[in-house]
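*Asks:* Have a look at this one before I ask anything.
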Amino acid sequence: MGNSLFDQLEKSGLVDEKKAKQVKKDKRKQAKQKRGKGTQTQDESKLRAQQAQAEKTARDRELNQQRLQEAEKKAIAAQIKQLIDMNRIENSDGDIGFNFTDGNKVQRLYVSEKIQSQLVSGRVAIVKLSNEYILVPAAVAEKILQRDQDCVVLNNVQQPDASDADDLYADYQVPDDLMW
């Protein structure tokens, strides 16, 4: 019983030595080809896995960048809201209509005479926060402008005129009682 199948077939005369060697040789070739194909398919699967990993990493990096940008936008919006809330100028007794443009629409805000002169001179600015127009000092409007340009609706910054330096009548005072 200790005989192998090959030994038994050889004793019975069904298989000869030459044919047995040929069969063994064919089996070795097939096994060798399988190993070669197996490493090739393994290499392909490794390559695909690496590509998938690289794509996933790139996608994760992009999503992370978007999250950071959104967090930065929220932080800037919170800073703007805090600046506006802390420096808001109350305007409850306004009776003069002050017209200004917001985009391509003309808006009206009722202000007092003092606030109107400050708006015209550029000491007070108008900012927009969630569809509400709020008065703030011009310095605060500059800080808001650095963070988000869309929030500042009106900021009359007075530019020094070049004509002031060339004004021939700069030394002469205009009388106070003179009304134009």
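*Asks:* Take Gln51 and decide whether it is of a type in the set (S, T, N, Q), closer than 29 Å to Ile144 by Cα and in a helix (DSSP H, G or I).
*Replies:* In short, no.
*Asks:* Can I ask one more? Name the residue, out of Gly36, Gly94, that is within 41 Å of the chain's Cα centre (by Cα) and modelled with pLDDT under 85.
*Replies:* After ruling out the rest, the residue left standing is Gly94.
*Asks:* Of the conditions (1) in the same structural domain as Ile134 (by TED's automatic domain parsing); (2) more than 30 Å from Gln149 (Cα to Cα), Val106 satisfies every one except a single condition; which number is it?
*Replies:* (2)
*Asks:* Kindly indicate whether Gln69 is within 19 Å of Ser130 (Cα to Cα), of a type in the set (S, T, N, Q), without any contact (Cβ under 8 Å) to a residue 60 or more places away in the chain and part of a helix (DSSP H, G or I).
*Replies:* no
*Asks:* Within the stretch 97-133, how many residues turn out to be under 28 Å from the mean Cα position of the chain (by Cα) and not in a loop (DSSP other than H, G, I, E, B)?
*Replies:* The number of residues fulfilling the criteria is 7.
*Asks:* Among the listed residues Glu44, Glu72, Glu55, Glu90, identify the single one that is exposed (fewer than 10 other Cβ atoms within 10 Å of the Cβ) and either of a type in the set (Asp, Glu) or outside the structural domain of Val136 (by TED's automatic domain parsing) (or both).
*Replies:* Testing whether each residue is exposed (fewer than 10 other Cβ atoms within 10 Å of the Cβ) and either of a type in the set (Asp, Glu) or outside the structural domain of Val136 (by TED's automatic domain parsing) (or both) leaves just Glu90.
The values are calculated or read from the model by the stated rules, or taken from the named source; none is laboratory data. No experiment lies behind these values; they were computed from the predicted model shown. When we count neighbours, we look across all protein chains shown, and the Cβ atoms used for this are built from the backbone with ideal geometry, even at glycine.
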